[in-house]
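**Q** This is the structure I have questions about; it appears just below.
The values are calculated or read from the model by the stated rules, or taken from the named source; none is laboratory data. All values derive from a computational prediction rather than experimental measurement. Counting neighbours? That spans all protein chains shown, and the Cβs are built from the backbone with ideal geometry, glycine included. Areas reflect the complete protein model, heavy atoms only, side chains present, ligands, DNA and RNA absent. Shrake-Rupley method; radii C 1.70, N 1.55, O 1.52, S 1.80 Å.
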Amino acid sequence: MKLILILGAAFLLLFLLERGYRRFWSRDLHVEVHFQPHPAREGEEATLTEIIENRKVLPVPMLQVEFLLDRSLGIDEEENASLSDQLYKRDVFSVSFYQKISRTIPLKCRKRGYYHIHEANLIAGGLQMEKNYYKDIPQDTFLYVYPGDVSIDRLKLPMHRLGGVLEGRRGMVEDPFAFAGMREYDGTDPMNRINWKASARSGNLMVNLQNSTYSPRVACFVDVEDVTMWKHMEIHEEAIRLAASLLRSVLKKGIPASLYTNGEDLLSGSLVQVPEGSGRGQTEKINRSLSRLNLNAKKRPGPISVELLRMEHELTSTQQVVVLITENQGEALQDAVRKMASKGASFLWLGVFYKKEGWSGPNIHGVDYLKWEVEHEG
């Protein structure tokens with residue numbers, strides 16, 4: 001009889017302890033998951049930090065923290081990471097009383113994007129490890145992964161072509177007899193601007209500057225519409241990288257630039273478009289906007305020709321140069337470009353195609369063409 005009472009008291013004590021633990025395990029238990037505060041670039045590494053703080057006397061012997069990560073933020077293969085459409089990251093901790101634990105997780109930014117963690121799920125093992133208790137903790141942390149840079153060597157040619165188009169427009173409004181000084185040759189200047197005598201004296205190539213009423217501006221149109229029933233993700237991602245790299249270079253030279261696409265913004269659902277601006281702030285706006293460009297939106301992108309024609313008056317009545325980045329060769333696009341070119345718009349058409357595909361561009365007066373090749377991963 002005495003043994004039964006002792007066992008009964010023990011079971012009652014365990015029951016009360018388990019009940020108390022179930023009620024109080026999550027009280028004053030704080031869990032925070034946050035990305036690094038600054039953006040990363042495609043191909044670089046970033047970090048994610050987990051902070052668990054137990055501000056009470058009751059320990060949590062087994063605590064599992066789990067949250068969803070996009071699989072494009074690669075983590076080294078671990079037993080506690082299962083891979084599906086998203087990465088389910090799980091970490092197990094043993095948290096003592098009044099203890100703070102901080103763990104930093106390295107990430108591999110395999111793809112540009114906007115990555116957001118909304119929630120962390122907590123699973124605590126009971127005192128006897130026979131039961132689990134659950135709690136969801138809201139989180140609000142995000143990471144921008146900017147589009148990667150294309151090779152500098154490859155970028156030289158489109159930048160040189162763009163420089164030629166800009167020079168062509170400058171010649172329309174420039175006074176060739178109004179000398180405004182000299183500067184060093186930067187690789188995009190035409191040969192007829194080189195001052196050979198000054199170059200011989202200085203030992204560096206120098207070019208003449210003329211006074212001009214011309215203020216160069218660049219409007220970049222990026223087409224992410226699929227021209228067939230198949231999605232050409234490599235084509236679109238390379239077009240985005242090319243646009244980002246080219247616009248960074250343009251803005252670095254002090255030339256105002258704008259961005260227009262027919263792709264959807266992951267956050268707002270509107271088209272990714274950045275009005276004209278200049279300086280470092282404009283570079284950040286373009287980087288962020290291209291990071292949020294959603295190629296998996298349910299609604300198919302409309303023709304880029306619609307966006308071109310919507311901007312027809314501004315592009316034909318000002319001194320902007322249009323950079324068109326697309327794999328589209330359709331008649332509607334050619335007609336739109338032909339119409340605007342006939343009204344004085346200047347175009348650099350960058351055709352983005354797989355390496356095996358041939359392309360030389362439609363024969364439209366006033367339009368400069370360049371093929372940009374992409375390796376097929378499939």
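**Q** Go through the residues of the stretch 291-313 one by one and say whether even a single one is touching a residue at least 24 places away in the same chain (Cβ under 8 Å), under 29 Å from L73 (Cβ atoms) and in a helix (DSSP H, G or I).
**A** Yes, that holds for at least one residue.
**Q** Which one of these does G113 not meet: (1) farther than 24 Å from V218 by Cβ; (2) surrounded by 15 or more Cβ atoms within 10 Å (Cβ to Cβ); (3) over 25 Å from the mean Cα position of the chain (by Cα)?
**A** All conditions are met except number (3).
**Q** Looking at the stretch 217-246 only, could you name the residues that are small (G, A, S) and within 14 Å of L293 (Cβ to Cβ)?
**A** Within the stretch 217-246, A239, A243, A244 meet the criteria.
**Q** How many of the residues in the stretch 239-288 are closer than 24 Å to F142 by Cα and either touching a helix residue (DSSP H, G or I) at 6+ places or on another chain (Cβ under 7 Å) or open to solvent by less than 30 Å² (accessible area, probe 1.4 Å) (or both)?
**A** Adding up the residues that qualify gives 15.
**Q** Something else now. So is V322 open to solvent by less than 10 Å² (accessible area, probe 1.4 Å) and within 22 Å of Y115 (Cβ to Cβ) or not?
**A** no
**Q** Okay, next question. Regarding the stretch 299-317, can at least one residue be identified that is under 20 Å from the mean Cα position of the chain (by Cα), among the small types (G, A, S) and open to solvent by 10 Å² or more (accessible area, probe 1.4 Å)?
**A** Scanning the stretch 299-317 turns up no residue that is under 20 Å from the mean Cα position of the chain (by Cα), among the small types (G, A, S) and open to solvent by 10 Å² or more (accessible area, probe 1.4 Å).
**Q** Can you spot a residue in the stretch 354-361 that is in contact (Cβ under 8 Å) with a residue 60 or more places away in the chain, surrounded by fewer than 19 Cβ atoms within 10 Å (Cβ to Cβ) and touching a strand residue (DSSP E or B) at 6+ places or on another chain (Cβ under 6 Å)?
**A** Yes, the stretch 354-361 has at least one match.
**Q** What number goes with the only condition from (1) surrounded by 13 or more Cβ atoms within 10 Å (Cβ to Cβ); (2) modelled with pLDDT under 65; (3) part of a strand (DSSP E or B) that R170 does not pass?
**A** (3)
**Q** If you don't mind, there's one more thing I want to ask. Here's a check for you: in the stretch 256-269, which residue that is in a strand (DSSP E or B) and out of contact with any Asp or Glu (no Cβ under 8 Å at 6 or more places or on another chain) is nearest to Y115 (Cα to Cα)?
**A** D265
**Q** Mind checking which pairs have a first residue in the stretch 215-243 that is touching a residue at least 24 places away in the same chain (Cβ under 8 Å) and a second that is in a strand (DSSP E or B) and open to solvent by 40 Å² or more (accessible area, probe 1.4 Å), Cβ under 8 Å, 6 or more apart or different chains?
**A** What qualifies is R217/E276; A219/E276.
**Q** Within the stretch 122-165, can you find the residues that are open to solvent by less than 20 Å² (accessible area, probe 1.4 Å) and either in a strand (DSSP E or B) or small (G, A, S) (or both)?
**A** Correct list: L122, A124, G125, G126, T141, L143, Y144, V145, Y146, G148, G163.
**Q** Moving to a separate point now. Can we say V272 is within 18 Å of the chain's Cα centre (by Cα), in a loop (DSSP other than H, G, I, E, B) and modelled with pLDDT of 95 or more?
**A** no
**Q** Could you count how many residues in the stretch 249-269 are of a type in the set (D, E, K, R) and at pLDDT 95 or above?
**A** 2
**Q** Among residues belonging to the stretch 207-238 that are over 16 Å from T326 (Cα atoms) and modelled with pLDDT of 80 or more, point out the one that is surrounded by the fewest Cβ atoms within 10 Å (Cβ to Cβ).
**A** R217
**Q** Which residue out of E119, E50 is among the acidic types (D, E), part of a strand (DSSP E or B), modelled with pLDDT of 95 or more and surrounded by 14 or more Cβ atoms within 10 Å (Cβ to Cβ)?
**A** The match here is E50.
**Q** I'm trying to understand the selection: among the residues of the stretch 93-134, which are among the hydroxyl-bearing types (S, T, Y) and on the phi < 0 side of the Ramachandran plot?
**A** S94, S96, S102, T104, Y114, Y115, Y133, Y134 - these are the residues of the stretch 93-134 that are among the hydroxyl-bearing types (S, T, Y) and on the phi < 0 side of the Ramachandran plot.
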